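Step one of this worksheet: look at the structure below.
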Amino acid sequence: MSFSIGIIGLPNVGKSTLFKALTKQPVDISNYPFCTIDPNVGIVKVPDERLLKIAAVINPQKITPTIIEFVDIAGLVKNAHLGEGLGNQFLARIRETDAICQIARAFENENIVHTEGRTNPKRDIEIINKELIMKDLETIEKRLEKTKKETKSGNKEATRELEILNKIHEILKRDKMILEYETAEMKQIIKELQLLTAKPMIYVFNVSEQPISSEENIASINLQLESELSELAPEEIKELELPPSKLNELIKTCYQALNLITFYTVTGGKETRAWTLKNGLKAPQAGGVVHTDFEKNFIRVEVINWQKLVEAGAWSKAREKGRLQTEGKDYIVKDGDVIEFKI
Ligand SMILES: Nc1nc2c(ncn2[C@@H]2O[C@H](COP(=O)(O)OP(=O)(O)O)[C@@H](O)[C@H]2O)c(=O)[nH]1
Ligand SMILES: [Mg+2]
């Protein structure tokens, strides 16, 4: 299974420029059979220094990073929720993603049309967020109607749901994104309805040169430059004295926004591989990410933090030194664990 980030924003803000820069590096897709094959979906390696350090002691034939998918979602304009632009089709695509990377145009260029007139990234973000809120309102109102009917027959569960739906409705009516206001009781229905404003959001200001914003939670990136950097070899970038790429940072930020952790397998020394897991899940579920049998026939795991493995110098040495922990089905996997599944 893999996680996906939808790239959204008004037209001509740099979505496709970012998408192309992110997907420039080829990825051997045969390693990721679950991935979506679609020109708007790009498979992107998650940069990971730890994986390389583990591989340096294991010396495998193959090193396989973990990935996330980026989706270039075009067609959002003002009033998309009313069907403008690609309208609802566009909003349905966002629904399928796990998080959103919203690009706002902060560069000036008279030759590139701005659908809202002048450069004003804050206003643009408000326009986009308003569209997401309007769509969520529509979703909630539809459900409210259905649930109200169910309460008439004295259905207790429906009464409870109605209460939660009303709370969500109120947040949206105040023009707020659900993510900031959601409570534990709302989680299930939000998931079921795949509300757009409940998804983690990463904002990127596409700047020309100097960042015009230094606000937290907003990355300022010159996407035009990134697109040029993605065409060059590291030596060329150095020679031309160009600034380093910020894309790896962005990929990591997206990964963190999804609340994901990375664990590793070294499978008898042949392949050193990184895997993605939702934070808080247990060893059998981690097994399921690697192979369905590892979950179905789970017995136990041997586990060691990646740094301790590197210090030990080899899997066998870690074992000799008694560094491998044996854990059962209730073990909660930690970021950086190297795991051997026993079935
Ligand atoms: N000057 C400048 N132009 C950019 C930048 N990013 C994108 N563009 C240009 O803006 C136009 C629209 O970009 P594109 O990525 O296709 O926008 P999209 O509609 O959001 O996918 C293209 O001509 C890009 O070359 C930037 O950072 N600076
Ligand atoms: Mg585009």
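The values are calculated or read from the model by the stated rules, or taken from the named source; none is laboratory data. All of these numbers come straight from a predicted model, not from anything done at the bench. Note that we place each Cβ from the backbone using ideal geometry, even for glycine, and neighbour counts take in every protein chain shown.
Of note:
- Helices (runs of 4 or more DSSP H) lying entirely in region 260-343 (those with 1 or more residues that are within 28 Å of the chain's Cα centre (by Cα)): 283-290, 292-296, 306-312
- Odd one out for residue 8 among (1) surrounded by fewer than 15 Cβ atoms within 10 Å (Cβ to Cβ); (2) aliphatic (A, V, I, L, M); (3) within 16 Å of ligand 2 (Cβ to nearest atom): (1)
- Looking only at residues in region 128-141 that are free of Cβ contacts under 8 Å to residues at least 60 places away in the same chain and either crowded, with 22+ Cβ neighbours inside 10 Å or touching a helix residue (DSSP H, G or I) at 6+ places or on another chain (Cβ under 6 Å) (or both), the one that is nearest to residue 159 (Cα to Cα) is 140.
- Failed item, numbered, when residue 104 is tested on (1) away from ligand 2 (no atom under 16 Å from the Cβ); (2) surrounded by 23 or more Cβ atoms within 10 Å (Cβ to Cβ): (1)
- Filtered residue count, region 54-93, keeping only those that are within 16 Å of ligand 2 (Cβ to nearest atom) and modelled with pLDDT under 85: 8
- Restricting 17, 36 to those that are within 29 Å of residue 125 (Cα to Cα), hydroxyl-bearing (Ser, Thr, Tyr) and away from ligand 2 (no atom under 16 Å from the Cβ) reduces the list to 36.
- For residue 206, the criteria (1) outside the structural domain of residue 16 (by TED's automatic domain parsing); (2) out of contact with any helix residue (DSSP H, G or I) (no Cβ under 7 Å at 6 or more places or on another chain) hold in every case but one, which is (2).
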